[in-house]
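The values are calculated or read from the model by the stated rules, or taken from the named source; none is laboratory data. These numbers were taken from a predicted model, which means no experiment stands behind them. These accessible areas exclude ligands, DNA and RNA; they are computed on the full protein's heavy atoms, side chains included. Shrake-Rupley method; radii C 1.70, N 1.55, O 1.52, S 1.80 Å.
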Amino acid sequence: MSEAARLIANHRVHVVPVVLALANPPWQRDVWLDPSAFEDLDHVFHTLFDDFCDADEPERYLGVSLRSEEEVALMRELGAALNAATAEAPNDTDAEISRHLPGQRSWPSPDASLKSWSRTT
């Protein structure tokens with residue numbers, strides 16, 4: 001396995017589960033809103049904006065954690081939608097933000113983008 005292939009595999013192993021979790025509202029309710037769970041929204045934001053991608057400017061992660069221009073475009077949409085969900089949560093709590101995440105009434109179109117993104121993985 002080449003170094004480039006190893007790099008993308010090491011990044012995608014973190015990014016893909018987070019994107020799939022964003023497309024799964026029951027997971028969000030059962031895991032992210034449970035204070036004893038191992039995963040929460042901080043994990044999601046750190047994975048997609050800080051550690052393994054930059055959902056605000058995903059182009060530089062093409063070939064690192066994103067495999068195609070389509071994934072880059074979908075990640076940009078996802079980043080915008082996550083930023084909007086955060087802006088709609090005045091107290092910045094996981095419960096408030098979760099009400100504006102994929103599958104919720106206020107966020108229908110990025111849900112389709114998430115499903116498209118997950119099909120590309």
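Find the all-direction average of the projected area of the Cα convex hull for the range 3-61, expressing the result in square nanometres with one decimal place. All intermediate terms of the calculation are to be shown ahead of the outcome.
On the way: hull surface 17.6 nm².
Result: a mean projected hull area of 4.4 nm².
Please give the contour-minus-distance gain from Asp34 to His46: 0.36 nm per residue of separation, less the Cα-Cα distance, rounded to one decimal in nm.
Once the chain is fully extended between Asp34 and His46, it gains 2.5 nm.
How do Arg29, Arg60 rank by accessible surface area computed with a 1.4 Å probe, from largest to smallest?
Numbers: Arg29 130, Arg60 150 Å².
The residues order as Arg60, Arg29, largest area first.
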